[in-house]
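Please treat every number below as a calculation from the coordinates, not as lab data. Everything quoted here is computed from the prediction, not taken from an experiment. Using ideal geometry, Cβ is built from the backbone for each residue, glycine included, and neighbour counts are taken over all protein chains shown.
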């Protein structure tokens, strides 16, 4: 059995106010090309199809186009679940009709779950979807007032699923959770406060492969059996070091799995650039794309006027420019407290030290400063 595991498309995502529709379209084109080349038996989509519960029309059209190509043109079944960013009702619309065409959507938890069964030369593989659910919702569905954490939600879902799974046959779970030991990124919305959001990987005992979503970095929780495929693309600047890919999973007749990562390469990457303004204006290295989305950290000692527009002369899609000072902000309190006793020149010298990070002015700079203050005093006397 061969399946393709993907997750966290976040269609409709805005990054610093910029729409990522074009980049997402290109990556979904790549995914369709991978499916056409590798011919998986089924595609597993582990939640967060959309970035928000009411997605923009462009995102809806993008999903419709991608699923039409995958299911209808490439004749590949898709098993998808809802994530914490999705609206279960929106994803659930038309799901019973669409399942007959090969699109199987698990959007809401249920005490009587169904499975999708795919056959290969070794026999059946049973796939169960475990959609994201909040504890209050799960308490109602499973009629269990003791469900208070996401770990307990998952336990109830898994128990219900295993009650309907035939014993001794291969099985796969698709879930959207934060498993213990996983690594979060800034773009991942917390599921709960404190440790109540995490689930124990041991809850998935009995499944031969577990396709997870929610965490955006590709990672294994337990060797090659419990896997996060990672997100479709980088969705925050703390993901700049991530390698984005989809998982191509090969399962043998005993349920043993091998996982291959197939890279996804966006037209515009997310990168961080550091240096002085002049260094940044010199342009990127030959192997870098000046059209990438850029976070710039300026290292100039003095203030930089109109930094963003000047950076965008080189990087037109720069999204953020920061210019950290070299002196702790708390030192400004000392400045304010001494204004009554310091001379104008002493105040200026201390401010210059704060901005530049230097201990004091050079003799040449101090001489220029003294001349400037003397001219000001003369102008005041003549006024």
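In the chain, the DSSP-assigned H stretches of four residues or longer account for a calculated mean residue ellipticity at 222 nm of -8500 deg cm²/dmol, using -39500 (n - 2.57) per stretch and the full residue count as denominator. Averaging the Cα positions of each part gives two centres, and for region 103-120 and region 224-274 these lie 24 Å apart. The distance linking region 1-38 with region 276-305 is 29 Å (Cα centroid to Cα centroid, whole angstrom). Each of the peptides 12-20, 73-81 was scored by the mean count of other Cβ atoms within 10 Å over its residues; in descending order, highest first, they stand as 73-81, 12-20.
By the count of other C-beta atoms within 10 Å, a proxy for reagent exposure, 228, 235 are ordered fewest to most as 235, 228. Once you order the gyration tensor axes a ≥ b ≥ c over the Cα atoms, which shape class does region 270-322 get: rounded for a/c under 1.5, otherwise prolate or oblate by comparing a/b with b/c? Judged from the Cα gyration tensor, region 270-322 comes out prolate (a/c at least 1.5, a/b above b/c).
Counting 0.36 nm for each residue step from residue 164 to residue 282 and taking away their Cα separation leaves a gain of 36.2 nm. For region 270-322, the relative contact order is 43 percent, taking Cα pairs closer than 8 Å that sit 6 or more residues apart in sequence and dividing their mean separation by the residue count. Each peptide in 148-160, 362-374 was scored by the mean count of other Cβ atoms within 10 Å over its residues; highest first, the order is 148-160, 362-374. Once a ≥ b ≥ c are taken as the square roots of the eigenvalues of the Cα gyration tensor of region 114-263, is the result rounded (a/c under 1.5), prolate (a/b larger than b/c) or oblate (a/b not larger than b/c)? Oblate shape, in that a/c is at least 1.5 and b/c is the bigger or equal ratio. By how many degrees, between 0 and 90 and to the nearest 10, does the Cα long axis of helix 363-382 differ from the longest principal axis of the chain? Once rounded, the angle reads 60 degrees. Shape class of region 1-111 from the Cα gyration tensor (axes a ≥ b ≥ c, square roots of the eigenvalues): oblate, since a/c reaches 1.5 or more and a/b does not exceed b/c. For the chain, the longest principal axis of the Cα atoms and the long axis of helix 150-164 meet at an angle of about 20 degrees.
Placing a label point 7 Å from the Cα of residue 143 along the Cα-to-Cβ direction, the residues of region 81-112 whose backbone N falls under 12 Å from that point are 111-112.
Take every Cα pair under 8 Å whose residues are at least 6 apart in sequence, average their separation, divide by the length of the chain, and the relative contact order is 13 percent. Labels on offer are (i) 1.32; (ii) 0.91; (iii) 1.43, and the one holding Cα Rg over 2.2 N^0.38 Å computed from this structure is (i).
How far is helix 344-356 tilted, in degrees, relative to the longest principal axis of the Cα atoms in the chain, given as a value from 0 to 90 rounded to the nearest 10? Approximately 30 degrees, to the nearest ten.
Does anything in region 1-42 have its amide N under 12 Å from the 7 Å Cα→Cβ label point of residue 317, and if so which residues? Counting backbone N atoms under 12 Å from the label point, the list is 15, 18-27.
Note on 234, 244, 37: ascending count of other Cβ atoms within 10 Å places them as 37, 244, 234, the fewest first.
So for 63, 212, fewest C-beta neighbours within 10 Å to most, what's the order? Spell out each step's value before the answer.
Values: 63 20, 212 31.
With the fewest neighbours first, 63, 212 line up as 63, 212.
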